[in-house]
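One structure is given below, encoded as structure tokens.
Since every read-out is calculated from the coordinates, none of them should be taken as a lab result. Because the structure is predicted, anything quoted here is derived from the model rather than measured. Positions of Cβ are backbone-derived with ideal geometry, glycine not excepted, and every protein chain shown enters the neighbour counts.
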Amino acid sequence: MRLSRLARGILGAVTGVILLVIYLPLMVVLVNSFSTSTSLVWPPPGLTLEWWGRAFQSEGALEAVLTSVQIALIATLVSLVLGTLISLALQRFAFFGREAVSLLVILPIALPGIITGIALNNAFRTILGVQLSIATVIVAHATFCIVTVFNNVIARLRRLGTSYEEASADLGAGLWTTFRLVTFPQLRSALLAGGLLAFALSFDEIIVTTFTAGAGVKTLPIWILDNLFRPSQAPIVNVIAVVLVLVSIVPIYIAQRIAGAEKVSR
Amino acid sequence: MSADRPAIRLTGLTKSFGGAANAVDGIDLDIAEGEFFSMLGPSGSGKTTVLRLIAGFEQPTAGTVSLLGEDVTDRAPFDRDVNTVFQDYALFPHMSVLDNVAYGLRVRGVSRRERHAQARQALETVRLGGFGDRKPGQLSGGQRQRVALARATVVRPKVLLLDEPLGALDLKLREQMQVELKELQRELGITFIFVTHDQEEALTLSDRIAVFNEGRIEQLGTPAEIYDRPLSPFVAAFVGTSNIFPDALSRAVLGRGGMHALRPEKVTVGRADAVPSTQRTAPGTLAEVIYVGSTSRLIVDLDAGMRIIALEQNDAHRVTEDERGSRVSVGWQDSDIVALEKATADTTDPATDPATDTATDSAPKLTTDTAR
């Protein structure tokens, strides 16, 4: 397809502006993490490495990161297992109420977080009589993390069709062997994509977490919100934010590489 | 080979997908050990469903499937000594060619060294010796086809099911693969059940053919029986091209009652004033001459009110397009007339009937012609 010079110029400019809008604020955060001022002023009056040093000694921040990683990892793991199972059920078997179940599985991601939060808070405390803890946050996160896994896996299963599984059964493999040797390897990249998204969703979730976290359970988003407007902590928040940006580039880069490699080999 | 223990026995096999008509409608069939058996029919005639019922991918609504005298109707696909070559090959894209071929042995617990040795041997058999390390995506259609064959035969099934395996290949490759399939079957000595909609392929390869129509077997017999003695208008028209004479025209043109068929290659066309060389003749007008390489297809409007197709060798005396509209005499031998004893259910509606299409259509489809 060929575009005129003018069209190319305009589209290029629009793309540039949009990328700028997305990434300029991130640059500001990066620069601010080296600022000598504690109150997010622009431009920074001077540069220092002090906050970077303090951030890595801040017990509150490190603990919050650890809590968040722990919650996100377990919620993602739960979502991967349950999301794959429900996808297989809905895509490979016919049963009464299949359409309804399919809708009910996707719904949580569309529900406002505050509703999910209040509902789960009520259910945990008054109906089930469980103490709010880190476990309740994991369960709450899994309710919507499962959707990203489900969407990725069911789309892949639909595209794969049943002929590989039939060929495997035809050659003598039972259900489990077929899953292990044929279906799962084909799902791997879908699971990775769904899992990364699930991890990201859980990692920066704040509303549902507020309602379902037990006393003393502080995830990173909650810690950041608590400390953002404390003059002594604001620069440390900036440092944490920069570290998170750098850390999140890695899995996205890996996911893209895998997706690219898959296209080539097909 | 024994008559009481066929490789495959189907009794009253019926499959309904919930529609008005059964996809497979009460099939009784015995397929002998070592036979190359073809199921021939148009799409939607139920032949592929029968194959899937034999493989175990579908459960019959009624009836049974027996394998070497053993009822396997309720067994899962992995529990039947039957293997399939799929239409789209279904080679596992994430495994090497060698691992694909070795798969059946792997799930049976054969050691890596042993299964790789056998898989290499099987690849040699299909002339793909050096291709074991490639991925299926790096092979051509014909090569993938051969890998699928190797994968299905390396486990030595009692019966090999082939679902239109040559459908995706171009003509040259298809003809070459037909020869290879036949040789492979002779070499392995296992029963082949071959599903196809290509009548030429079925005639070339098979020991016996079952012609399917609307979930039933329309006719069962050797290729020669099917081609020379079709029992119904459907078979006469689907297997090769036929001129089909309904009852009234049979009486008027052929001088006998009932429905009859006459192959185009048995029909001669001469000048109206020439001395007839055949037992029977009928006058008509040459409507169209279609050049098809080694032969020409002549379409003649008989005065009796029917269109007839003749296939003539293109020799020095060939009829040319310039002779369109001239008066001709159509001739045939009595012995070439085939009585169609079995009426097909839907022949009452000439508009949709595939059988009368060939005789009435002014531009007959070239693809249904065996003498191509």
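Observations
- Counting Lys and Arg as +1 and Asp and Glu as -1 over every other residue whose Cβ lies under 14 Å from the Cβ of B:T285, the net charge comes to 0.
- Sequence-separation-based contact order of chain B, relative, with Cα cut under 8 Å and 6+ spacing, percent: 15 percent
- Cβ-Cβ FRET estimate between B:E225 and B:A76, R0 fixed at 25 Å, reported to 0.05: 0.10
- Amide hydrogen neighbours beyond the local backbone of B:I8, cut-off 5 Å, H modeled: B:I31, B:L68
- A simple count of charges around B:Q333, restricted to other residues whose Cβ falls under 9 Å of its Cβ and scoring Lys, Arg +1 and Asp, Glu -1, yields 0.
- Shielding value for B:81-93 is 4, the average number of Cβ atoms from other chains within 10 Å of each residue's Cβ.
- The relative contact order of chain A comes to 30 percent, based on Cα pairs under 8 Å that sit 6 or more residues apart.
- With neighbour counts taken as other beta-carbon atoms within 10 Å, the residues A:V101, B:V328 rank, fewest first, as A:V101, B:V328.
- Of all DSSP bridge pairs formed entirely within chain B, close to 75 percent run antiparallel.
- Each of B:R280, A:R5 has some number of other Cβ atoms within 10 Å of its Cβ, and from fewest to most they run A:R5, B:R280.
- Set B:K158/B:K182; B:K266/B:K342; B:K172/B:K342; B:K182/B:K342; B:K47/B:K266 screened for pairs whose C-alpha atoms are more than 25 Å apart: B:K172/B:K342; B:K182/B:K342; B:K47/B:K266
- For the range A:153-168, Karplus couplings with θ = phi - 60° (6.51, -1.76, 1.60), whole Hz, Gly/Pro x: 5, 5, 5, 5, 4, 5, 5, 5, x, 9, 5, 5, 5, 5, 4, 5
- Burial ordering of A:M1, A:M27, fewest other beta-carbon atoms within 10 Å first: A:M1, A:M27
- Distances between placed amide hydrogens fall under 5 Å for B:N314 paired with B:T295, B:S296, all partners being 5 or more residues away or on another chain.
- Phi-derived couplings, Karplus 6.51 cos²θ - 1.76 cosθ + 1.60 at θ = phi - 60°, listed residue by residue for the range A:71-82: 4, 5, 5, 5, 4, 5, 4, 4, 5, 4, 5, 5 Hz, with x used for Gly and Pro.
- Shape call, the range A:71-265: gyration tensor on alpha carbons, a/c limit 1.5: oblate
- Net charge dipole size for chain B [Lys, Arg +1 and Asp, Glu -1 on Cβ; Debye, nearest 20]: 1380 debye
- Spin-label proximity, A:Q70 to the range A:106-139 - amide N less than 18 Å from point 7 Å beyond Cα toward beta carbon: A:131-139
- Reciprocal of mean inverse Cα separation for chain B (Kirkwood radius, Å): 22.7 Å
- Gyration tensor (alpha-carbon) shape descriptor, the protein assembly as shown, a/c threshold 1.5: prolate
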